[in-house]
Amino acid sequence: METILETKNLRVEYRPQGRGQPKKLAVRDLNLKVEAGEVFGFLGPNGAGKTTTMNVLLGFVNATSGAAYLFGVDVRQPIARQRIGYLPELTYYYKFLTAEELLRFYARIFGMSRAQADERIEELLKLVELDSARKRPIKTYSKGMQQRVGLAQALINDPDLLILDEPTSGLDPLGRMKVREIIQRLKNEGKTVFFSSHELGEVETVCDRVAIIHQGELKVEGRVDDLVETHQGNLEKIFLSIVGYEGRSAVAAASVTS
């Protein structure tokens, strides 16, 4: 099985914001490995280091020490960007553009011919269920529609690896279901998907394996079924226990009933 994404003792520290302040340790000696065709859930509370790790993988942030690899190539070296698709948590597009215009813009960035772009745009608009809205300005789209057009732009180059930062953030249940269905279809096509999420039920449904980090440190990693069996609880219970909220919840419940 080909290793698509890997980190080895990855460490990221940020400079102190004020004099006398300590450095901020965002990622602490992180070791991960994602194989081809996997859907891998990268979990943790806000500020755990998920986005920082993704930024290192994408070349936006330099690691303090350790290494990260995509397709076996160190991310500090020129790599095959044609094989990567990325959706950030907070997307911003020129909202006067239509979905079709936006996708054509990204197709040109990747050097696609007009014929290639036409074919790919048709395919993607159907995949994300925006074919009927293709001529409407993005500013008229709902949050869920904007997220789906973001997924389409991340897929325009038919990437082998898709990196998604909170792809269902702010979506209603229907919007989350549609994104989940798209991820499942990509998995069926043999794509590798690496994504962060706070929606633990979705993660439990679509992911082959997950990793949970807290305060920049890897706490647990493995197949969802194995973790549930080992920890004798669902993914939500495991997550809350790892990040230290289980006891607080019990105390709060006791105070309410007393």
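The values are calculated or read from the model by the stated rules, or taken from the named source; none is laboratory data. Just so you know, these numbers come straight off a predicted model, no measurement behind them. Cβ: placed from backbone, ideal geometry, glycine included. Neighbour counts: every protein chain shown. When the accessible area is computed, the model is the full protein with side chains, heavy atoms only, and any ligands, DNA or RNA have been set aside. Shrake-Rupley method; radii C 1.70, N 1.55, O 1.52, S 1.80 Å.
What are the pairs with Cβ atoms under 6 angstrom where one residue, in region 213-233, is closer than 16 Å to LYS8 by Cα and the other, located anywhere, is open to solvent by 70 Å² or more (accessible area, probe 1.4 Å)? Sequence gap at least six, or different chains.
GLY216/ARG28; GLU217/ARG28
Given the condition over 18 Å from the mean Cα position of the chain (by Cα) and of a type outside the set (A, V, I, L, M, F, W, C), answer yes or no: does some residue in region 143-155 qualify?
For region 143-155, residues over 18 Å from the mean Cα position of the chain (by Cα) and of a type outside the set (A, V, I, L, M, F, W, C): absent.
What are the pairs with Cβ atoms under 8 angstrom where one residue, in region 153-178, is open to solvent by 40 Å² or more (accessible area, probe 1.4 Å) and the other, located anywhere, is in a strand (DSSP E or B) and at pLDDT 90 or above? Sequence gap at least six, or different chains.
Going by the 8 Å Cβ cut-off, the qualifying pairs are ASP160/ILE4; ASP160/ILE84; ASP160/THR192.
Evaluate region 62-71: report whether one residue or more is loosely packed, with under 15 Cβ neighbours inside 10 Å and in contact with a helix residue (DSSP H, G or I) (Cβ under 6 Å, 6 or more places away or on another chain).
No, there is no match, as no residue in region 62-71 is loosely packed, with under 15 Cβ neighbours inside 10 Å and in contact with a helix residue (DSSP H, G or I) (Cβ under 6 Å, 6 or more places away or on another chain).
Can we say ASN9 is part of a strand (DSSP E or B) and surrounded by fewer than 21 Cβ atoms within 10 Å (Cβ to Cβ)?
yes
Taking the conditions exactly as written (of a type in the set (Val, Ile, Thr), closer than 27 Å to TYR69 by Cα, modelled with pLDDT under 90 and buried (at least 17 other Cβ atoms within 10 Å of the Cβ)), does VAL224 satisfy them or not?
Taking the combined requirement at face value, the residue satisfies it.
Among (1) open to solvent by 30 Å² or more (accessible area, probe 1.4 Å); (2) closer than 24 Å to ARG209 by Cβ; (3) touching a residue at least 12 places away in the same chain (Cβ under 8 Å), where does GLY49 come up short?
Only one criterion is unmet by GLY49, namely (1).
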